[in-house]
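Asks: Sharing a structure below in structure tokens format, with a few things to ask.
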Amino acid sequence: MNIDDYQEVARSTAIYPNEDITGIIYTALGLTGEAGEVAEKIKKHLRDGGDLPYDAIAKELGDVLWYVANLAHEIGFSLSEIAQMNLDKLLSRKERGVIGGSGDNR
């Protein structure tokens with residue numbers, strides 16, 4: 001599946017619960033919640049042991065992707081644009097020898 005096609009279909013399922021909450025706020029909060037659920041699955045594995053629940057993690061990652069797709073739409077970008085911007089940034093850092101470290105503007 002093309003990532004922009006996914007974004008278009010995901011957008012068709014976006015129903016925000018309250019007109020007073022903008023799409024940017026709703027999707028940003030949803031994204032953090034779903035990312036937390038991914039982390040929670042891994043944390044419980046560390047605590048309880050056993051096999052990592054790959055299927056459950058994958059389902060949560062799908063929810064993360066939905067929120068990323070809709071937040072990108074809310075700020076006026078396609079997922080392919082976001083992906084390209086990220087690769088450009090990372091490749092520039094790699095070429096300049098600053099892929100490690102911290103800070104947005106390295």
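Laboratory data are not the source of any read-out in this text; all were calculated from the coordinates shown. It should be emphasised that the depicted structure is a prediction, and the values quoted were computed from it without experimental measurement. Reconstructed Cβ throughout: ideal geometry from the backbone, glycine too, with neighbour counts over all protein chains shown.
Asks: Would you mind computing, in nm to one decimal, how far apart the modelled labels at residue 61 and residue 90 are, each placed 7 Å from Cα along Cα→Cβ?
Replies: Between residue 61 and residue 90, the simple spin-label model gives 1.3 nm.
Asks: Place a +1 charge on the Cβ of each Lys and Arg in segment 21-91 and a -1 charge on the Cβ of each Asp and Glu, then give the dipole magnitude about the Cα centre in debye, rounded to the nearest 20. List each step's numbers first, then the result.
Replies: Working: 6 positive and 11 negative charges, 36 e Å.
With only Lys, Arg, Asp and Glu charged at Cβ, the dipole is about 180 debye.
Asks: Tell me whether the chain comes out rounded, prolate or oblate; compute the Cα gyration tensor, take square roots of the eigenvalues as a ≥ b ≥ c, and use a/c under 1.5 as the rounded threshold. Don't jump to the answer; show the numbers that get you there.
Replies: On the way: a/c = 1.75, a/b = 1.02, b/c = 1.71.
Judged from the Cα gyration tensor, the chain comes out oblate (a/c at least 1.5, b/c at or above a/b).
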